[in-house]
1. Quick one: in the range B:200-232, of everything that is touching a helix residue (DSSP H, G or I) at 6+ places or on another chain (Cβ under 7 Å) and not assigned by TED's automatic domain parsing to the domain that holds residue B:163, which residue is nearest to residue B:90 (Cα to Cα)?
2. Looking at the range A:7-20, can you tell me whether even one residue there is assigned to a strand (DSSP E or B), closer than 17 Å to residue A:139 by Cα and more than 10 Å from every other protein chain (Cβ to nearest Cβ)?
3. Return only the number of the condition from (1) more than 17 Å from the chain's Cα centre (by Cα); (2) within 14 Å of chain A (Cβ to nearest Cβ) that residue B:33 does not satisfy.
4. Quick one: is residue B:168 surrounded by 15 or more Cβ atoms within 10 Å (Cβ to Cβ), part of a helix (DSSP H, G or I) and at pLDDT 95 or above?
5. Provide a single number: the residues in the range B:304-335 that are touching a helix residue (DSSP H, G or I) at 6+ places or on another chain (Cβ under 8 Å) and either within 14 Å of chain A (Cβ to nearest Cβ) or in a helix (DSSP H, G or I) (or both).
6. Residues B:73, B:97, B:68: which one is closer than 22 Å to residue B:123 by Cβ, out of contact with any helix residue (DSSP H, G or I) (no Cβ under 7 Å at 6 or more places or on another chain) and either within 14 Å of another protein chain (Cβ to nearest Cβ) or surrounded by fewer than 23 Cβ atoms within 10 Å (Cβ to Cβ) (or both)?
7. Condition first: in contact (Cβ under 8 Å) with a residue 60 or more places away in the chain, in a helix (DSSP H, G or I), closer than 18 Å to residue B:157 by Cα and under 17 Å from the mean Cα position of the chain (by Cα). Can you find one or more residues in the range B:60-68 that meet it?
């Protein structure tokens with residue numbers, strides 16, 4: 001098993017921490033992982049991305065040009081990474097703020113209204129956890145209990161009381177993600 | 001018990017310095033290595049081990065603080081990225097001349113000049129061939145993983161004290177910024193012993209200890225140089241480290257170091273899948289360079305391809321090591337660009353196989 005993921009969006013959407021949570025969960029599940037952020041000028045311009053790799057084997061290159069899954073949270077990220085998905089791969093996009101639908105027909109596409117859901121939960125900070133839930137529904141590469149263990153590692157102890165809220169957000173994400181297109 | 005964590009390369013360097021029992025860290029922030037000093041400031045190792053951490057007023061100040069601490073027999077480390085390392089070069093030459101131990105980390109970004117903050121390997125020459133003035137050498141360790149970043153800090157201090165010589169860890173923006181699983185070694189206590197060469201005050205009945213790199217008598221300065229050269233020959237004999245992948249039956253050989261070796265390994269696997277018997281050698285010490293290993297493999301293979309994130313630096317050492325036994329080709333991306341495995345494989349096919 002090897003899953004190569006790019007997560008991209010605006011700074012502040014929790015893009016980098018999503019990648020870290022996925023990786024930490026992978027560690028808890030005994031997988032090899034690598035996480036590589038963009039740290040260049042684009043970070044200062046408001047968009048951020050990170051590459052997360054979860055694998056059964058040692059990871060050779062942490063830097064990739066094509067991906068099994070792209071999780072895009074804004075239009076510039078969709079424009080940049082839609083073409084970088086391997087044929088038969090997966091695109092997950094946040095519906096809010098997208099001005100055009102994905103073009104590709106040879107990939108699986110899922111849409112998630114994570115922002116709206118986070119508003120319903122009265123906590124927009126759990127936005128990224130809703131997206132993670134959606135991703136894990138489509139690609140159950142990590143068990144939920146390991147995600148929780150991962151969260152315990154990532155979050156400082158003073159935030160541990162928020163873990164049940166995050167778990168709830170994951171469940172909501174699993175529920176609301178919808179299939180938009182099946183690969184031809 | 002060993003401890004498993006997910007860490008950035010830069011944070012791993014910092015934590016390893018604390019655990020290796022370092023006495024001091026002096027640094028100045030610069031992207032992409034600022035997490036080293038950020039981590040140390042946050043962690044406040046003075047509470048854990050008594051290790052001192054100080055943000056100096058400049059890179060030049062930081063390396064001279066290292067010089068001072070090393071002169072007192074202390075385990076001191078500094079880190080920076082390329083433009084900052086250039087500033088430290090004078091101090092490194094002095095430390096090498098005065099035969100003092102220290103660990104210097106360079107998380108390389110692309111140059112020349114201020115260049116860019118993106119990863120590169122374009123400081124190979126600076127690290128391996130001198131950088132500062134005078135006939136001196138540093139042991140240069142090139143980590144390819146976050147784990148090696150941890151291990152090489154401990155190893156770096158060991159070697160620095162074994163040879164009383166500066167050791168450089170040549171990381172880059174990829175290894176520094178990426179997160180991976182790491183196993184941390186146990187906390188080593190800080191040493192309480194004072195080496196006899198440490199300048200910590202003259203003891204009654206003992207000669208005074210002087211730390212200097214100045215010797216105005218040419219005859220004496222030549223002796224100093226001969227002694228240094230003898231030490232470097234010892235390093236070359238004892239400290240060569242490298243790793244090979246699928247070299248046993250290889251007909252073609254890739255040579256790459258650091259993060260670039262990981263990407264190159266993927267290209268090598270692509271070649272294997274196409275039925276081409278390719279192998280990879282990854283020098284872990286860039287000085288001393290694995291001359292013998294590469295020479296031996298050069299006799300076995302039809303061609304050698306060196307891959308670097310620069311315009312071709314290590315390739316010169318590979319050619320010297322191969323001594324004409326096999327043609328040596330080069331592929332590189334630079335200016336902060338990272339080669340993809342496909343690109344490397346295509347260049348390999350074109351230059352080596354003739355496709």
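1. To start, the set of residues in the range B:200-232 that are touching a helix residue (DSSP H, G or I) at 6+ places or on another chain (Cβ under 7 Å) comprises B:211, B:213, B:215, B:231.
Filter again for not assigned by TED's automatic domain parsing to the domain that holds residue B:163, leaving B:211, B:213, B:215.
Working: B:211: 16, B:213: 12, B:215: 17 Å.
Applying the filter and picking the extreme gives B:213.
2. Of the residues in the range A:7-20, the ones assigned to a strand (DSSP E or B) are A:7-10.
Filter once more, keeping what is closer than 17 Å to residue A:139 by Cα: A:7.
Going one step further and asking which of them are more than 10 Å from every other protein chain (Cβ to nearest Cβ), we end up with A:7.
Yes, the range A:7-20 has at least one match.
3. Result: residue B:33 fails condition (1) only.
4. Numbers: surrounded by 15 or more Cβ atoms within 10 Å (Cβ to Cβ): yes; part of a helix (DSSP H, G or I): no; at pLDDT 95 or above: yes.
Here the answer is no, as residue B:168 does not meet what is asked.
5. Number satisfying all stated conditions: 9.
6. Numbers: B:73 fails: closer than 22 Å to residue B:123 by Cβ; B:68 fails: closer than 22 Å to residue B:123 by Cβ.
Result of the check over B:73, B:97, B:68: B:97.
7. Step one: list which residues in the range B:60-68 are in contact (Cβ under 8 Å) with a residue 60 or more places away in the chain, which gives none.
No; the residues of the range B:60-68 include none that is in contact (Cβ under 8 Å) with a residue 60 or more places away in the chain, in a helix (DSSP H, G or I), closer than 18 Å to residue B:157 by Cα and under 17 Å from the mean Cα position of the chain (by Cα).
Okay, residues lined up against (1) more than 9 Å from chain B (Cβ to nearest Cβ); (2) at pLDDT 85 or above:
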| position | (1), (2) |
| --- | --- |
| A:30 | yes, yes |
| A:35 | no, yes |
| A:45 | yes, no |
| A:53 | yes, yes |
| A:57 | yes, yes |
| A:67 | yes, yes |
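The values are calculated or read from the model by the stated rules, or taken from the named source; none is laboratory data. It should be emphasised that the depicted structure is a prediction, and the values quoted were computed from it without experimental measurement. Counting neighbours? That spans all protein chains shown, and the Cβs are built from the backbone with ideal geometry, glycine included.
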